[in-house]
Amino acid sequence: MVAGYRISTNKSDLDFNVIHSFISNTYWAKGMPAETMQKAIDHAMCFGVFTDQNEQVGFARVITDTATFAYLSDVFILDAHRDKGLSKWLMEEIVAHPDLQNLRRFVLVTKDAHGLYEQFGFGAISHPDNFMEKWVPDIYQR
């Protein structure tokens, strides 16, 4: 817990404009259309980080079947609220969520936050030669 903040999994609490504005300007989803972001939120488990004044300052999305697999995506804390322990608290809430227990595989992709995720048991893929992907990095710029 971080004083002055709360985390919610209630999608009606989410501030779509904050989420889309941030995500559509990231290195991983530059230019994502609003309709695509809304569809992604609609079909995922979402975690919002809010101030006591209900201002959204962070977000994470988990795509999961809640039984065997989960993929963590779109994790962020707004710049003005960083260095307060919010990302660690958000990760604590995610990995402790009852619907995300006893999964065979929980994955994520990150360019620059390995240290954060390693604290929660994530590491390099043990058998990368088994993984395949269909990757279209410029899909939102077309």
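Computed values, structure above
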read-out	value
Low-density loop cleavage sites - GluC sites (Glu not before Pro) in the range 75-142, where at most 10 other Cβ are within 10 Å (DSSP)	E133
Carbon/sulfur fraction of accessible area - the range 1-87, other protein chains in place, 1.4 Å, %	50
Stretch gain in nm, segment K84-D42, where the contour uses 0.36 nm per residue and the Cα spacing is subtracted	12.2 nm
Restricting the range 61-123 to trypsin sites (Lys or Arg not before Pro) in coil, as DSSP defines it, with at most 13 other Cβ within 10 Å	R82, R104, K111
GNM result for the chain, Cα springs below 10 Å: residue of M32, M132, M91 fluctuating most strongly	M132
Helix-only [θ]222 nm of the chain, DSSP H runs n ≥ 4, -39500 (n - 2.57) each, per residue, nearest 500	-6500 deg cm²/dmol
Listed residues L14, L86, L78, most fluctuating in the chain (Gaussian network, C-alpha, under 10 Å)	L78
Å² of accessible area per residue within the chain, as computed with a 1.4 Å probe and no ligands counted	63
Per-pair calculated FRET efficiency, R0 = 22 Å: Q53 and H97 via Cβ, rounded to 0.05	0.35
Sites N10 and K30 - FRET efficiency at Förster radius 25 Å, r taken between beta-carbons, to 0.05	0.30
Rounded FRET efficiency, nearest 0.05, which uses the C-beta distance separating I63 from E118 and R0 of 22 Å	0.55
Lysine pairs meeting the criterion (Cα under 22 Å, 8 or more apart or interchain), as found in the range 8-142	9
Cleavage-rule hits, chymotrypsin sites (Phe, Trp or Tyr not before Pro), the range 1-46, DSSP coil, Cβ neighbours within 10 Å at most 16	Y27, W28
Kirkwood hydrodynamic radius over Cα pairs of the range 24-127, then Stokes diffusion coefficient at 37 °C and 0.692 mPa s, in µm²/s	223
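The values are calculated or read from the model by the stated rules, or taken from the named source; none is laboratory data. This one's a predicted model, so the numbers in the text were calculated from it and none came from an experiment. FYI the Cβ positions are ideal-geometry reconstructions off the backbone, even for glycines, and counts take in every protein chain you see. Accessible surface areas use protein heavy atoms only, side chains included; no ligands, DNA or RNA. Shrake-Rupley method; radii C 1.70, N 1.55, O 1.52, S 1.80 Å.
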